[in-house]
Amino acid sequence: MAPPPATVAAVRHHSPHLLLRRGGGGLLPPPPAPATLPFATRGVASAPARLRLPPPRFSLSPVPKSLSASSSSHVPVRSLFTGIVEEVGRVRRLGPPLAPSSGGGGGEAPGLDLEVETRDLLTGTQLGDSVAVDGTCLTVAAIDPAASTLTFGVAPETLRRTSLGGRAPGDGVNLERALTPSSRMGGHFVQGHVDGTGEIAAFRPDGDSLWVTVRAPPEILRLLVPKGFVAVDGTSLTVVSVDDEGGWFDFMLVRYTQDNIVLPTKKVGDKVNLEADILGKYVEKLLAGRVEAMAKVGS
């Protein structure tokens, strides 16, 4: 039975989103309007249905077979950081592994074990987790709750690329655990893949803040821009100035940062680990590819 004309008029006035059933069979809600694609061009009259994309997920590595059954339900977290230091740990030991390695080294110089004393990182940290140690992504190889230490294996390439080989017992190191899906993104995306080392050139107080100037190689300087990000010993910092010809960049540390990282305790001439913003690396590669393609067309 069709609704009275007065009802239809009222519905059309107050609820234009309802349609009449064909043949006078009553009122029906309209079919769902086609949603636009997330990247659809503006001004398109009609667009296909919205893409159903899976929610973003962090990439997690499988549990190593060597882990004990008691921790087999734990998935090691790898491997993105924010550059917000959680704690300054203390080096307990840096030396050859206490247990012989089962893998073949091919005659290459063996890596070292880095044992770090920590107060806060023991809770929730398990074998296989990634921790940034002075900005270097390392894997937890042993945990000693009684001694409050975490032990990491440091590969020969890591020793060549970073400043970790120069650490001595008692030295402070910046510690940060890998980002989790519930973590706050307080700094910037830090991979823990150190690009190289720089050298502290100067400290200059400015009120209760501290200016720091660092000499760096050209391959790192070209990726730095004023007001951009850089990780120095794993600390997310804002670049203030870059001098490509002079071979240096600088930044400022506020009082709170000075009190919670290792850098202010270092001396002029000391090495620091440097990691440029990953976005700059991608942009450089994309532009290099475009220039190369244009050069081929021009030739």
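Things to note:
- Within region 260-299, being assigned to a helix (DSSP H, G or I) and open to solvent by 100 Å² or more (accessible area, probe 1.4 Å) holds for 265, 279, 282, 285, 286, 287, 290, 292, 294, 296, 297.
- Selection of region 209-232 for residues being among the hydroxyl-bearing types (Ser, Thr, Tyr) and buried (at least 18 other Cβ atoms within 10 Å of the Cβ) yields only 213.
- Filtered by the rule that a residue be of a type in the set (Gly, Ala, Ser), under 24 Å from residue 270 (Cβ atoms) and open to solvent by 10 Å² or more (accessible area, probe 1.4 Å), region 133-162 gives a lone residue, 155.
- Selected residue (only one of 187, 170 is open to solvent by 10 Å² or more (accessible area, probe 1.4 Å), under 30 Å from residue 115 (Cα atoms), part of a loop (DSSP other than H, G, I, E, B) and in contact with a Lys or Arg (Cβ under 7 Å, 6 or more places away or on another chain)): 170
- Residue match in region 199-208 (condition: in contact with a helix residue (DSSP H, G or I) (Cβ under 6 Å, 6 or more places away or on another chain), touching a residue at least 40 places away in the same chain (Cβ under 8 Å) and either surrounded by 18 or more Cβ atoms within 10 Å (Cβ to Cβ) or not in a strand (DSSP E or B) (or both)): yes
- Residues (farther than 16 Å from residue 280 by Cα and open to solvent by less than 20 Å² (accessible area, probe 1.4 Å)) located in region 233-248: 233, 234, 235, 247
The values are calculated or read from the model by the stated rules, or taken from the named source; none is laboratory data. Nothing here was measured: the structure is a model prediction, and the numbers come from that model. Heads up, the Cβs are rebuilt from the backbone with ideal geometry, glycines too, and the neighbour counts pull from every protein chain shown. The accessibility values were calculated without ligands, DNA or RNA, using every heavy atom of the protein model including side chains. Shrake-Rupley method; radii C 1.70, N 1.55, O 1.52, S 1.80 Å.
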